[in-house]
Amino acid sequence: NDALRLTGVVKTYNPGLPSAVEVLRGVDLAIAGGEVVALVAPSGAGKSTLLHVAGLLDTPDRGSVAIGGEDMTRQSDRARTLARRARVGFVYQFHHLLPEFTALENVVLPQLAAGARRDAAEERARALLDRVGVLSRAGHRPAALSGGEQQRVAFCRALANRPGLLLADEPTGNLDPETSEQVFAALMELARQEGLAALVATHNLALAARMDRILRLEGGRVVPG
Ligand code: ADP
Ligand code: ADP
């Protein structure tokens, strides 16, 4: 089963209006479990739109989105929301960690919300933070962390509830090359250990080249890079 499969996905903003923008014009892609795939495209090409549709944050006008082999296209909003929470992790250019909580709590809280016990959630959070080299920062609030540390914690939070799929939108976009490298290494380590499928939108061609595969978004379609 593919972790993610998009078939014939079409998405237009402001359909029927003079301001209509046909962003996705028939996107087909499939990502297997354990595969880390780069999505490369110029700004404005529709990467964020594609990630939002793939992550069930937005619905396509046509075509289908299947996650873990299950077609989510015609499911209820409620079913899609539950599937998103359980099966998809998101990371953005900015970390979006909760500023008043420690790094550890930021990774614990989504697990509590999903019904985990506190001791199990803390154990899981420490293991994740340790794997990406930020366990020593567990007791600090996000503002006390460097940009690279913040992003590594954001990955841990995204993966806290063991989603099969990670969607990352320019996760190293704000970081210098050396820090990008550290954050990228953390992503690859987590993906390997968790058997995770990841789709990573990036402008960083050097990092893209080291992922399992490159896809380009061009003219509203996805083509091999
Ligand atoms: P990228 O992430 O590749 O920069 P986006 O998916 O954010 O691209 O946007 C693709 C195109 O769709 C852009 O032209 C953008 O202005 C337009 N767009 C994005 N979101 C909306 C929206 N909610 N309403 C209207 N146009 C939008
Ligand atoms: P990025 O590609 O870095 O995510 P964008 O500038 O493409 O940033 O868009 C940021 C967000 O703003 C998008 O996710 C989209 O939802 C929204 N957006 C972009 N363009 C428009 C637009 N023309 N009208 C309304 N919302 C938009």
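Each value in this text was obtained by applying a stated rule to the coordinates, not by laboratory testing. Treat the numbers as computed from the prediction; the structure is a model and nothing was measured. Positions of Cβ are generated from backbone atoms using ideal geometry, with glycine treated the same way; all protein chains shown enter the neighbour counts.
The string of couplings for region 43-49 from the Karplus curve (6.51, -1.76, 1.60, θ = phi - 60°) is 4, x, 6, x, 4, 5, 4 Hz, one whole number per residue in order, with x for Gly and Pro.
Taking trypsin sites (Lys or Arg not before Pro) across region 70-166, the ones in a DSSP loop with at most 11 further Cβ atoms lying within 10 angstrom of their Cβ are Arg74, Arg117. The slack between Ala185 and Ala209, meaning 0.36 nm per residue of separation minus the straight C-alpha distance, is 7.3 nm.
Taking a Cβ cut-off of under 15 Å around Ala66, the surrounding Lys, Arg, Asp and Glu residues balance to a net charge of +2, with basic ones at +1 and acidic ones at -1. Rounded to the nearest 20, the Cβ-based charge dipole of the chain about its Cα centre (Lys and Arg +1, Asp and Glu -1) stands at 440 debye.
In debye, nearest 20, what is the charge dipole magnitude of region 109-171 about its Cα centre with +1 on Lys and Arg Cβ and -1 on Asp and Glu Cβ, if you could check?
With Lys and Arg at +1 and Asp and Glu at -1, about 180 debye.
With the biggest extent put first, the Cα atoms of the chain measure 51, 39, 34 Å across the principal axes. For region 109-179, the mean projected area of the C-alpha convex hull, equal to one quarter of the hull surface, is 5.3 nm². So if each residue of separation counts as 0.36 nm, and I subtract the Cα-Cα distance between Asp130 and Thr73, what length gain in nm does that give? Gain on extension, Asp130 to Thr73, equals 16.8 nm. Of the residues Ile31, Ile67, Ile214, the one with the fewest other Cβ atoms within 10 Å heads the list, and the complete ranking is Ile214, Ile31, Ile67. For Ser146, no residue 5 or more places off, or on another chain, has a built amide H under 5 Å of its own. Extending 7 Å from Cα along the Cβ direction at Arg192 and again at Phe94 yields two label points whose distance is 3.3 nm.
For Tyr92, what is the net charge nearby, where nearby means another residue's Cβ is under 11 Å from its Cβ and Lys, Arg count +1, Asp, Glu -1? After counting each charged neighbour, the total is -2. Along the charge dipole of region 113-202, which of Ala191, Gln150, Leu129 sits closest to the positive end, that is, farthest toward it, with unit charges on the beta carbon of Lys, Arg, Asp and Glu (+1, +1, -1, -1)? About the Cα centre, the residue reaching furthest to the positive side is Leu129. Restricting attention to the chain, close to 55% of DSSP beta bridges with both partner residues there are antiparallel. When the chain is treated as a GNM with alpha-carbon contacts under 10 Å, the residue of Ser146, Ser43, Ser19 showing the greatest mean-square fluctuation is Ser19. Electrostatic tally near Leu51: other residues with Cβ closer than 14 Å to its Cβ, Lys and Arg +1, Asp and Glu -1, net 0. Spin-label model, Tyr13/Ala86: points 7 Å from Cα along the beta carbon direction are separated by 3.3 nm.
Under 5 Å between amide hydrogens, built in the peptide plane, is the criterion, and for Gly89 it picks out Leu165, Leu166, Leu167 among residues at least 5 positions away or on other chains.
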